[in-house]
2 protein chains.
Amino acid sequence: MSVKVDSCVSPTKPCEEQTPVEEYFFEGAEKLLELWFGNRNAKTGSLRLIPRYELDAMLDIARCKVLQSAHTGHIDSYVLSESSLFVSERRLILKTCGSTRLLAALPIIIELAKSYGGFDEVVSVYYSRKNFLRPDLQPEEHRSFDAEVEYLDGFFHDGHAYCMGSLKQDCWYLYTYHVPQPVTKVADHTLEILMTDLDEDVLHTFTKDACENGKDCTERAGINRIVPKGTVIHEELFEPCGYSMNAFLPDSDHYATIHVTPEKEFSFASFETNQDLVCLYKQTKEVLNCFRPGKLLMTVFANDGSSKGRDAQQQLWDRELPGYKRTNVQFVRLETETLVYAHFVRKDGTESSSDEDDGALSE
Amino acid sequence: MSVKVDSCVSPTKPCEEQTPVEEYFFEGAEKLLELWFGNRNAKTGSLRLIPRYELDAMLDIARCKVLQSAHTGHIDSYVLSESSLFVSERRLILKTCGSTRLLAALPIIIELAKSYGGFDEVVSVYYSRKNFLRPDLQPEEHRSFDAEVEYLDGFFHDGHAYCMGSLKQDCWYLYTYHVPQPVTKVADHTLEILMTDLDEDVLHTFTKDACENGKDCTERAGINRIVPKGTVIHEELFEPCGYSMNAFLPDSDHYATIHVTPEKEFSFASFETNQDLVCLYKQTKEVLNCFRPGKLLMTVFANDGSSKGRDAQQQLWDRELPGYKRTNVQFVRLETETLVYAHFVRKDGTESSSDEDDGALSE
C-alpha cells in the first residue's frame, strides 16, 4: 500500500468568503453527487488519469478547492475547503456544503471522464441532499429541488426524482439515473447519516479553542472509534471552528467522510461510508454516541450483492435506535438497488418543539 | 339487513358546469378525505345522526351533490355528481373529482360531527390525491399540495405530509394526522388503485352509446366480477359518458367504489375498497383486467390487525403484476399503520414514451 498525504493549501474557514448577509450563517448540509462511468465498447479506463490541475479547475467552477489529498492504489481522496472529493477507477463522489455550485461542475466532470478517463457514458447518477435551512442563500440552480431536477434532466434522459420523509419536517431529495441496461455492479452499499442540533458539549470539541489541529480533534472527538481498524484518516480543523475528515481503507475503494459545522445556531454533522468491515447498524450507534444529535436522517443504499447493506436496511426498518424516536421510515425499491430512509428525534423531549419551526415547506 | 336505494337527482355529466375553458377537460383524479372521529369522554356517538339536509349543505360548499343514496345498518352510501360519500358511525369518507372544493367542506364536517354526531375530536385524518393533470384548473386551495398542507395545518397540529413516487412522473400526495395517543382501531386496511390511459375498447363501455344505464354498464364492464359475492351496488352512468358506483357489504361498514372518466384524452378510473372477504392482490388483478390501464398507481394502508392488508402489501413489494412493469415501490411505516405505494406501466411499450410528457413537476 502506498499512501501519500499532502496538505497543500492553508486551511481557512470555508464559510468566511460566503456570508455577505448581516447575520452569520453557514449551510452545513451538503449537496452530494455520485457518478459511475462506463464505456460502450467495454474497454477499460480510469477517472484517476484525470490530471490534478483539471480537477482543480473543475472545483473552481463548483467554488471550492483542495486542502489535502491522499492516494492509495484504489482511490484518490481530497479534503476540500467545502467537504470532499473521492476519485476511484469508475466512480467519482463530490460532496460540497455551504453555498457551493456543485451541479455547475457536472458537465466538466463528464468531459474530463471522456478526455482523460476514456469513458463515454455515465452509467449511474445519484444526486441527493437534505432540505436546506436557508435555500434563499443558495446559488440559483440549487435554490429548489425542482430547479436541480430540471438541470439534471438536461444531462440524463429519464432520471427519477424523489422526496423522502415528511415534507413538513426534515426531508431528503434524491435524483437517480441509470443507463437502461445497467452494468452489473459488484456488491455495493452506502450509508449516510445527516445530523442536526448536535449536543452542545460535542460542538466545542470542533473548535480551535478546544483542539490544536485536525488530528487532535479526531482523537478527542472519538472519531477513530467510528471507523474500522486500519483506516487511514486525513483531516482538517478550520479556523475558528469546523472539521472535515476523509478516511480510506488500504486495500479497496472503501471510504468514510465526516463534516462538522459546530455553530450552535445551525449545527450540522454528516457521516458517509461504503465500508463493509464492520456492521453498519453498530457503526451508526457509534456515530450517534460521538455527535449526540437532536435530530437525524439516515439513508442506506444496498444492491443485491451487499449483505451488509441489506442487513442494515432491515435493522433500520425493524428497530429503533437507542435513545431516539423514529418518526419516519421508508423502504424504496429503485432500479438496481433498494434504499431505506429513516428520520429520528432524540427522546429527551427538548427537540420535538423545534420540529415545528423548521418551515421546510419553504422550498 | 335493510337497504334502501334512492335516486333523487337526475344525473347530469358533472363536468359540464365546470369547463369554462376552450378545450374540454375533466380532472378524473379525486381528492380523497377520510376522517375518524372520537370523543374524549369515551361516550358513544354517530356521524349517521347528521341529517341529510346538513350533508347536502356541506356538499354544496364542496361543489357537488347527491345523486343516489343507500343505507344499511352500518353505512350510508352516497353516489355524488362528482364521486362518493360514505358515512359510518365514526368514519366519514369524501371523495370528489373534477374541480370540486373538497377541503372547503372540512370545517363544516367537523362542526356537524360535533353538533349531531356527539364527537369532539378528529382522531385520524388522511387526505390524499394523485398529481393533477391540470392543477391550473383547480380552485386556489387545491392548486398545489403545499397549499393543501397549509390549509390542513390550520385544523390539525403536527400532521405529516408525504409525496410518494417519482416527482417527474405520476406521484401521490398524502397528509396524515393522528391524535397523540391514538385510539386502538380494529383491523383495517384500504386499497386504492388509480389508473390512467385506459384501453380504448374499455372506454367505450362507459358511454350512453354502449350502455343503457348504470346497471347495464356494471354488467357489461364486468364490474360485478371485481367485488365480493353478496355486494350491493348502486351506480350511475352519466350523459353522454362517465360512470360512478358505490358498493357495500350487508353486515359491515365495508365498501367499494369505482369512478370512470372515459374520455380518451384524459381517461382515468379509480377503485377503492376496505373489504376483507377476498384477497386484495387477486382483486387488483380483476380491476386491471377490467380497465387495462396504461399506467397505474396503487396504495395499500394496513394496520397491525389486518392480515389481508399486510399480505397485499407484501405481495406488492415482492411481486410484479402480470403484464405490467413496476417502476416504483415504496414501503412506509406511519404512526399507526404501514403503507405501500407502487407505480406500474403496461408492458406493451406504448406507454413508456407518454411518461415523458407528464410534466408532473408543474405542481
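The values are calculated or read from the model by the stated rules, or taken from the named source; none is laboratory data. Values in this document were obtained by computation on a predicted structure and should not be read as measured data. When we count neighbours, we look across all protein chains shown, and the Cβ atoms used for this are built from the backbone with ideal geometry, even at glycine. SASA here: full protein model, heavy atoms, side chains in, ligands and nucleic acids out. Shrake-Rupley method; radii C 1.70, N 1.55, O 1.52, S 1.80 Å.
Do any residues of segment B:118-149 lose at least 20 Å² of accessible area when the full set of protein chains is present rather than just their chain alone, and if so which, with a 1.4 Å probe?
At a threshold of 20 Å² (probe 1.4 Å), the residues of segment B:118-149 that become less exposed are B:Asp146, B:Val149.
With labels modelled as points extended 7 Å from the Cα through the Cβ direction, what inter-label distance (nm, one decimal) is found for A:Lys325 paired with B:Gln314?
In this crude spin-label approximation the distance works out to 3.0 nm.
Put a dot 7 Å past each Cα toward the Cβ at B:Asp136 and B:Gln181; how far apart are the dots in nm?
Modelled inter-label distance: 5.1 nm.
Checking the cross-link filter: which lysines have an alpha carbon closer than 17 Å to that of B:Lys264, excluding same-chain neighbours under 8 positions apart?
Once the sequence-local lysines are set aside, what remains near B:Lys264 is B:Lys13, B:Lys208, B:Lys295.
Return the carbon/sulfur percentage of the accessible area of segment B:115-206, one whole number, probe 1.4 Å, all protein chains in place.
Taking all protein chains in place, segment B:115-206 shows 49 percent carbon and sulfur surface.
Could you name the aspartates and glutamates in cross-link range of A:Lys114, using Cα to Cα under 16 Å and dropping any fewer than eight places away on the same chain?
The reachable aspartates and glutamates, counting only those whose Cα sits under 16 Å from A:Lys114, are A:Glu54, A:Glu89.
Distance cut-off 20 Å, Cα to Cα: go down the list A:Lys65/A:Lys95; A:Lys285/A:Lys347; A:Lys308/B:Lys325; B:Lys285/B:Lys308; A:Lys130/A:Lys229 and report the pairs above it.
Cα-Cα > 20 Å for A:Lys308/B:Lys325; A:Lys130/A:Lys229; rest within.
Based on the mean of other Cβ atoms within 10 Å per residue, sort peptides B:75-88, B:327-340 so the most packed one is first.
Working: B:75-88: 24.2, B:327-340: 20.9.
Per-residue mean Cβ counts within 10 Å order the peptides as B:75-88, B:327-340.
Taking the solvent-accessible surface of protein heavy atoms with a 1.4 Å probe, what is the per residue accessible area of chain B in Å²? Don't skip to the answer; put the middle values down first.
Values: 13970 Å² over 363 residues.
Computed with neighbouring chains in place, this is 38 Å² per residue.
Relative to the other copies, what are the label-point distances for B:Ala187, with labels 7 Å from Cα along the C-beta vector, expressed in nm at one decimal and sorted shortest first?
Listed shortest first, these distances are 4.0 nm.
Please give the total accessible area that chains A and B bury against each other, computed with a 1.4 Å probe and expressed in Å² to the nearest 100.
Buried surface at the A/B interface: approximately 2600 Å².
For segment A:31-346, state what percent of all Cα-Cα pairs lands in each successive 20 Å bin, counting from 0 Å until the bin that includes the largest distance.
The calculated distribution, bin by bin, is 33, 62, 4.
Would you work out which of B:Cys211, B:Asn274, B:Leu297 lies farthest towards the positive end of the dipole of chain B, given +1 charges on the beta-carbon of Lys and Arg and -1 on that of Asp and Glu, about the Cα centre?
Projecting each Cα onto the dipole axis, the largest value belongs to B:Asn274.
Say a paramagnetic label sat at a point 7 Å from the Cα of A:Arg225, along Cα to Cβ; which residues of segment A:274-295 have their backbone N under 20 Å from it?
Hits in segment A:274-295 for A:Arg225 at 20 Å: A:277-295.
Counting partner chain Cβ atoms within 10 Å of every residue's Cβ in A:331-343, what's the average? Walk me through the numbers before you get to the answer.
Values: counts 8, 8, 9, 2, 2, 0, 0, 2, 1, 1, 2, 1, 0.
Rounded to a whole number, the mean comes out at 3.
Please identify, among B:Ala104, B:Ala210, B:Ala70, the residue showing maximal mean-square fluctuation in a Gaussian network model of chain B using a 10 angstrom Cα cutoff.
Between B:Ala104, B:Ala210, B:Ala70, it is B:Ala210 that shows the largest mean-square fluctuation.
Inter-copy label distances at A:Arg319, 7 Å along the Cα→beta-carbon direction, one decimal in nm, shortest first?
3.2
Show me the GluC sites (Glu not before Pro) within segment B:205-257 that DSSP assigns to loop and that have at most 15 other Cβ atoms within 10 Å of their Cβ.
B:Glu212
Which distances, in nm and shortest first, link the B:Glu212 label point to the same label point in every other copy, taking 7 Å along Cα→Cβ?
9.7
Just want to confirm a number: the relative contact order over chain B, from Cα pairs under 8 angstrom separated by 6+ residues, in percent.
Numbers: 791 pairs, mean separation 61.8, N = 363.
Relative contact order, chain B: 17 percent.
Would you be so kind as to list the residues of segment A:295-317 that have their accessible area lowered by at least 10 Å² in the full protein complex compared with their chain by itself (1.4 Å probe)?
With the partner chains in place, segment A:295-317 has these residues losing at least 10 Å²: A:Trp317.
Based only on Cα atoms, what mean projected area does the convex hull of the protein assembly as shown have, in nm²?
Average projection, Cα convex hull of the protein assembly as shown: 31.8 nm².
Can you name the residue in chain B whose Cβ lies closest to the B-to-A rotation axis, and give that gap in whole Å?
Residue nearest the B-to-A axis, with distance in whole Å: B:Phe331, 2.
Pop out the ³J(HN,Hα) list for segment B:258-263 in order, Karplus 6.51 cos²θ - 1.76 cosθ + 1.60 with θ = phi - 60°, rounded to Hz; leave Gly and Pro as x.
Listing the rounded values in order: 10, 9, 10, 10, x, 5 Hz.
At what distance in nm do the modelled label points of B:Lys215 and B:Lys347 sit from each other, each positioned 7 Å from its Cα along Cα→Cβ?
Using points 7 Å along Cα→Cβ, the separation is 4.0 nm.
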